[in-house]
Amino acid sequence: LLDAPFRAFERAIELGIEQQVDFVVLSGQTCDVLRSGPRAALFLEQQLQRLTDKNIPLYWAAGPRDPVWDEGLDVNWPKNIRVFPRTHAETVMFERHGVPVARLVGRSGEASAWHLNDHVITESPVFT
């Protein structure tokens, strides 16, 4: 039972790889190192590396306790990770073969700090 969150996340990554997804989005509060210890951060690093190995980008709207902010951890985050900034919402256009297919709008930090409605999105045929 203690390993259930690890197994679930590992399986989600496996499914993403099997289904050849275009990208993965992580929302905040993915991993609280204070509660789960450094093992969780290292596990997360290993799982995200699996996405990198398959050229699957990851967009992360990290929560305030997610390990990506902890500079004291000896974790080398894979290069495929794009962490949204804490200071403002950022828009990223995802393209497949040079064609825009999804617009991602994200911000890391406290969930109550911003609202999607405050981020103006113009009409577009691209999924947001």
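Quick notes on this structure:
- Looking across region 86-102, the residues that are open to solvent by less than 30 Å² (accessible area, probe 1.4 Å) and closer than 23 Å to Q29 by Cα come down to A89, V92.
- Where a residue in region 75-99 is farther than 20 Å from V21 by Cβ and its partner, wherever it lies, is acidic (D, E), with Cβ under 6 Å and at least six apart: V75/E45
- Checked against (1) more than 21 Å from D3 (Cα to Cα); (2) modelled with pLDDT of 80 or more, L42 passes all but condition (1).
- Residue within region 13-23 that is open to solvent by less than 50 Å² (accessible area, probe 1.4 Å) and at pLDDT below 90 present: no
The values are calculated or read from the model by the stated rules, or taken from the named source; none is laboratory data. No experiment lies behind these values; they were computed from the predicted model shown. A quick note on method: Cβ atoms are made from the backbone with ideal geometry, for glycine too, and the neighbour counts reach across all protein chains shown. With ligands, DNA and RNA removed, areas are computed over all heavy atoms of the protein, side chains included. Shrake-Rupley method; radii C 1.70, N 1.55, O 1.52, S 1.80 Å.
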